[in-house]
Amino acid sequence: MGVTVTILVLAAGVATALAVVRMLRGPRHADRIVALDILLAAAVALCVAASLATQRTVFLDVAIGLALVGFVATIGWARLVDRGGMS
């Protein structure tokens, strides 16, 4: 179990670092929105890792909530960019 959690945390850390680079360098707003979505996915992965490490399911509830909020936010931002609200 410990190896799985370690790999999951490392993968989330790498994803976070790459997303921050894309957020800072992204030439378009769509790139920054995708980077924010990746950051949220990394947060979900960290919640799952916390659940595995502590054997508590409350972190899975938090992960589901984050995933739902992230999905709705990504759809909202994508519609805003698609309609030309951001250039």
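Tabulated data for the structure shown
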| read-out | value |
| --- | --- |
| Of all residues making up the range 54-63, the number that are exposed (fewer than 12 other Cβ atoms within 10 Å of the Cβ) and in a helix (DSSP H, G or I) | 2 |
| Tabulated pairs, the range 52-80, first on the phi > 0 side of the Ramachandran plot and without any contact (Cβ under 8 Å) to a residue 40 or more places away in the chain, second surrounded by 15 or more Cβ atoms within 10 Å (Cβ to Cβ) and not small (Gly, Ala, Ser), C-beta under 7 angstrom, 6+ apart or interchain | none |
| Selection status of Ala78, farther than 25 Å from Thr4 by Cα, aliphatic (A, V, I, L, M) and surrounded by fewer than 17 Cβ atoms within 10 Å (Cβ to Cβ) | yes |
| Hits in the range 7-53 - residues which are of a type outside the set (A, V, I, L, M), part of a helix (DSSP H, G or I), modelled with pLDDT under 95 and farther than 17 Å from Thr74 by Cα | Arg25 |
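The values are calculated or read from the model by the stated rules, or taken from the named source; none is laboratory data. The structure presented is a predicted model; accordingly, all values stated were derived computationally and were not measured. As a convention, Cβ positions derive from the backbone with ideal geometry for all residues, glycine included, and neighbour counts pool all protein chains shown.
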